[in-house]
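Throughout, read-outs are computed from the coordinates displayed, never taken from laboratory work. Remember, predicted model here, so these are calculated numbers, not experimental data. Please note: Cβ atoms are built from the backbone with ideal geometry, for glycine as well, and neighbour counts cover all protein chains shown.
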Amino acid sequence: MADREEEGMAKGLMVGFFSGVVVGAVVGVLMAPKSGREMRAELKERADDMADDAEEYVDRARGKAVELINEGKKRSDEIITDARKKADTLLGDAEKILSDARTKSPGTAGKKN
């Protein structure tokens, strides 16, 4: 539960960060006294920078998702292996108990009540 809250907080911080970058870039460009050509060049440069930042963020998110998926697979494999070992142990114990019961009362084995 705490992991989901932390992920939500991290996602909110990243969205806030990128929103701040966009707003700051737009305000900075609009407030600067530049010619149309200079302003378009700067807008293009900043748009390229933001696209690079967004691509980097997506790549990191994709890498994190792959890590989480691999960790989930690993944990599920461990759980399955553990469950199989416990099931084998329980079956072995049940067979031993049944065998002991049959050897203790050989005359009742195979009879129905």
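Extension gain, Glu42 to Leu98, is 11.9 nm, computed as 0.36 nm per intervening residue step minus the present C-alpha separation.
Sorting 45-57, 83-95 by average packing, meaning the other beta carbons within 10 Å per residue, from highest down gives 45-57, 83-95.
If you take all other residues with their beta carbon under 13 Å from the beta carbon of Ile80, and give Lys and Arg +1 and Asp and Glu -1, the sum is +2.
Among residues other than Val22 with Cβ under 12 Å from its Cβ, the summed charge is -1 (Lys and Arg +1, Asp and Glu -1). Charge tally for Asp48 (other residues, Cβ to Cβ under 11 Å; Lys, Arg +1; Asp, Glu -1): -4.
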